[in-house]
Amino acid sequence: MTIDSLQNFTTHILMKKAIYPGTFDPITRGHIDMVQRAVKCCEHLIVGVAKSTPKNVWFSTEERVALVKDALKHLENVEVKVFEGLLVEFANKENAGFLIRGVRAFSDFEYELQMALINRKLNADIETMFLMPAEEYGYVSSSRVREIAALGGDIGRYVTPRTLQALKDKIVSRSETKDTPRRSAAGG
Ligand code: COA
């Protein structure tokens with residue numbers, strides 16, 4: 001084997017590692033559907049859970065990771081990791097050649113295109129690959145799921161039983177935290 005063909009071979013192997021990044025606050029069946037599609041396209045998939053996010057998250061990083069791990073435990077070749085800082089740097093550190101993103105609707109496209117192009121400017125060796133989720137999850141997002149759950153709606157079809165329970169627990173703990181200062185203010 002020549003040095004060139006060895007290099008091609010190595011690159012080929014490295015490109016088979018991909019990252020599916022997100023906030024996962026919490027993971028939904030739409031995300032699970034995406035991961036199931038992504039594992040068919042690569043040898044090894046890392047689900048990257050963003051630690052710091054501008055989003056006002058309900059779940060801590062540890063809670064989000066635990067729910068992601070539980071929801072994906074049936075899948076082989078999937079690893080769940082936390083990342084901080086630039087996504088392309090995380091991909092580089094993990095020797096991953098692809099970023100996987102889902103495009104649910106036309107409205108996602110412009111934002112996703114912008115993100116893909118910025119990531120390409122930051123690191124031209126990393127490609128973004130877009131996958132389409134199953135139709136039934138085309139309109140699902142973590143914030144919609146949280147909103148419906150908070151308003152008492154049925155979200156059983158959008159999340160796993162463990163995530164459903166975690167959401168119910170979180171709604172109780174959030175309402176208790178909100179109530180506590182009011183009570184003490186009234187008392188004082
Ligand atoms: N099923 C269900 N929900 C889906 C989905 C699918 N197939 N595809 C997308 N979504 C949801 C997500 O849950 C999220 O919902 P939310 O807004 O209610 O939380 C929304 O659609 C997409 O949000 P977005 O902000 O695009 O993605 P994200 O929160 O999942 O992840 C990061 C964003 C972490 C990938 C991005 O912020 C990042 O790369 N951060 C690192 C810093 C960096 O490198 N910045 C430069 C990149 S431009």
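None of the figures in this text is laboratory data; all of them are computed from the coordinates on show. Remember, it's a predicted structure, so these values are computed and weren't measured experimentally. Cβ: placed from backbone, ideal geometry, glycine included. Neighbour counts: every protein chain shown.
Scanning region 150-164 for residues that are without any contact (Cβ under 8 Å) to a residue 40 or more places away in the chain and either of a type in the set (D, E, K, R) or within 22 Å of MET34 (Cα to Cα) (or both) yields ASP154, ILE155, GLY156, PRO161, LEU164. Only residues that are near the ligand (Cβ under 9 Å from one of its atoms) and loosely packed, with under 14 Cβ neighbours inside 10 Å were counted in region 101-116, giving 2.
Sort through ASN77, ASN95, ASN119 and tell me the only one that's in contact with a helix residue (DSSP H, G or I) (Cβ under 8 Å, 6 or more places away or on another chain), on the phi > 0 side of the Ramachandran plot and either of a type outside the set (Gly, Ala, Ser) or touching a residue at least 60 places away in the same chain (Cβ under 8 Å) (or both). Of ASN77, ASN95, ASN119, the one residue that is in contact with a helix residue (DSSP H, G or I) (Cβ under 8 Å, 6 or more places away or on another chain), on the phi > 0 side of the Ramachandran plot and either of a type outside the set (Gly, Ala, Ser) or touching a residue at least 60 places away in the same chain (Cβ under 8 Å) (or both) is ASN95.
Among the residues of region 55-84, those identified as in contact with a Lys or Arg (Cβ under 9 Å, 6 or more places away or on another chain) and in a loop (DSSP other than H, G, I, E, B) are VAL57, TRP58, PHE59, GLU84. Of the residues VAL82, VAL172, the single one that is within 13 Å of the ligand (Cβ to nearest atom) and not aromatic (Phe, Trp, Tyr) is VAL82.
Filtered by the rule that a residue be away from the ligand (no atom under 11 Å from the Cβ) and within 27 Å of GLY97 (Cβ to Cβ), region 48-61 gives a lone residue, THR61.
On the stretch given as region 26-54, residues that are part of a loop (DSSP other than H, G, I, E, B), surrounded by fewer than 23 Cβ atoms within 10 Å (Cβ to Cβ) and in contact (Cβ under 8 Å) with a residue 40 or more places away in the chain total 2.
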